[in-house]
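J.: Questions regarding the structure given below will be posed in turn.
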Amino acid sequence: MHSIGEMARASGLTVSALRFYDSAGVLEPALVDPVTGYRWYTDEQITPARLVAGLRRIGMPVPEIAAAVRAEPAAVRQLLDTHLRRLADGLTDARREAARLRALVDPARPATTTLLLSPTDLAAALDAVRFAVGVDPELPMLSGVLLDVEPDGVRLVATDRYRIALARATADVDGPPARVFVPVALVDRLRPLLDATDARPVWLSVAGAELRVLVAGHTLTGTALPYDFPDYRRLLREAVGERPAAYRIPVDVVALRAALRDPAAPTLAREYAGTPLAVSVLGLDDSGGLRLLHPAELSTADPANDRVGGLRFGVNGEYLLDALDAAGGPQLVLELDGPIAPLAVRRPNDEDTYSVLMPIRL
């Protein structure tokens, strides 16, 4: 048995840290002397303690450290990968904020970032997010497309509160990371020019709030919207998380699109903010695919029957059609964790382009 001091020296944790992880239920001693209260540890606890020390040094949250101590190696690797992605996102955000602060203290000399992009890739990315741009005049902070410039490309994001769409285009980037909120009017002026036969790359410059685009022999200029776009990474973590979804349902896009557009398509009548809302109800068919349900099936469904009762969720059918059209392709995947969880519409084997829709409670 090892005293708490010996365990501290063997593991790299301080004595106070060992006491903390004991009280948190992460690393409890093998024995606590009932008279003196001294903690004693076994040889087998040294490796878990060293794991705790290492995870603590890289800033992993305590609940995840507790999970790692009890997990199999594969699960620990997954926790590490998730945390490293979170750290990378945080570093990108910190660099972006630093660039913004530099521009704030020296507004006369804003940093300039330039990008060279494929017109085809940029067109595909714009098409994947344009449908989700907000149109509510009371929410001008949602009335455009966010360009989140990374070292090797640009991520495009749009949301209207009820759905969020993301896409990514690779690019040659010169300059610091930038985050610019492009007015939808400029997006709509740019998009038709990307279909020109001129195959030269698109040149895009961001200098503070000033935007300049050279495309197919045309020059477009504009000013970024003066609003703070929502923290989309936090929204995505809250909506779809960083773990695999409980359901990954293959979608026959042609069949589902036809079913939703059928004038006789069954819908469920609901009301939102005093306005009637037609809700499309989806469930699983016998083969585990997606099908449109009739509202009458909700009251007659047998919970033991997976085809009808295993999973049922409501969506705005028009929003789902928008997501299907924007994603493109005859086959997509719909991911969700349950009937009241946000659902993601994804392209197979594409982690960068997808949209998330909020469900409607049935």
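The values are calculated or read from the model by the stated rules, or taken from the named source; none is laboratory data. None of these values were measured; they are calculated from a predicted model. As a convention, Cβ positions derive from the backbone with ideal geometry for all residues, glycine included, and neighbour counts pool all protein chains shown. The accessibility values were calculated without ligands, DNA or RNA, using every heavy atom of the protein model including side chains. Shrake-Rupley method; radii C 1.70, N 1.55, O 1.52, S 1.80 Å.
J.: Of the residues in the range 274-328, how many are modelled with pLDDT of 85 or more and not in a strand (DSSP E or B)?
T.: Here the count works out to 11.
J.: Further question on the same structure: Here are the criteria: (1) open to solvent by 50 Å² or more (accessible area, probe 1.4 Å); (2) modelled with pLDDT under 90; (3) under 30 Å from residue 236 (Cβ atoms). Tell me which single one residue 98 does not satisfy.
T.: Of the numbered conditions (1) open to solvent by 50 Å² or more (accessible area, probe 1.4 Å); (2) modelled with pLDDT under 90; (3) under 30 Å from residue 236 (Cβ atoms), the odd one out for residue 98 is (1).
J.: Name the residue, out of 128, 88, 132, 111, that is out of contact with any Phe, Trp or Tyr (no Cβ under 9 Å at 6 or more places or on another chain) and either touching a residue at least 60 places away in the same chain (Cβ under 8 Å) or farther than 22 Å from residue 167 by Cα (or both).
T.: Going through 128, 88, 132, 111 in turn, the sole match is 111.
J.: Let me ask something else about it. Within the range 317-332, can you find the residues that are in contact (Cβ under 8 Å) with a residue 60 or more places away in the chain, of a type outside the set (Ser, Thr, Tyr) and open to solvent by 20 Å² or more (accessible area, probe 1.4 Å)?
T.: Quick first cut of the range 317-332, residues in contact (Cβ under 8 Å) with a residue 60 or more places away in the chain only: 319-332.
Subsequent filtering for residues that are of a type outside the set (Ser, Thr, Tyr) retains 320-332.
Scanning the range 317-332 gives 322, 325, 328, 329, 330, 331.
J.: Moving to a separate point now. Taking the range 257-279, which residues are of a type in the set (A, V, I, L, M) and surrounded by 16 or more Cβ atoms within 10 Å (Cβ to Cβ)?
T.: Listed by number, the residues that qualify are 259, 260, 268, 279.
J.: Restricting to the range 339-362, and then to whatever is β-branched (Val, Ile, Thr) and over 15 Å from residue 164 (Cα atoms), can you tell me which residue is most open to solvent (accessible area, probe 1.4 Å)?
T.: Looking at residues that are β-branched (Val, Ile, Thr) and over 15 Å from residue 164 (Cα atoms), I get 340.
J.: Within the range 152-171, how many residues turn out to be farther than 20 Å from residue 318 by Cα and open to solvent by 50 Å² or more (accessible area, probe 1.4 Å)?
T.: The number of residues fulfilling the criteria is 3.
J.: Being open to solvent by 10 Å² or more (accessible area, probe 1.4 Å) and charged (D, E, K, R) is the filter here; which residues of the range 114-151 pass it?
T.: 121, 127, 130, 136, 138, 150
J.: Please go through the range 244-303 and pick out each residue that is within 22 Å of residue 327 (Cβ to Cβ) and among the β-branched types (Val, Ile, Thr).
T.: Passing the criteria: 249, 251, 253, 254, 279, 281.
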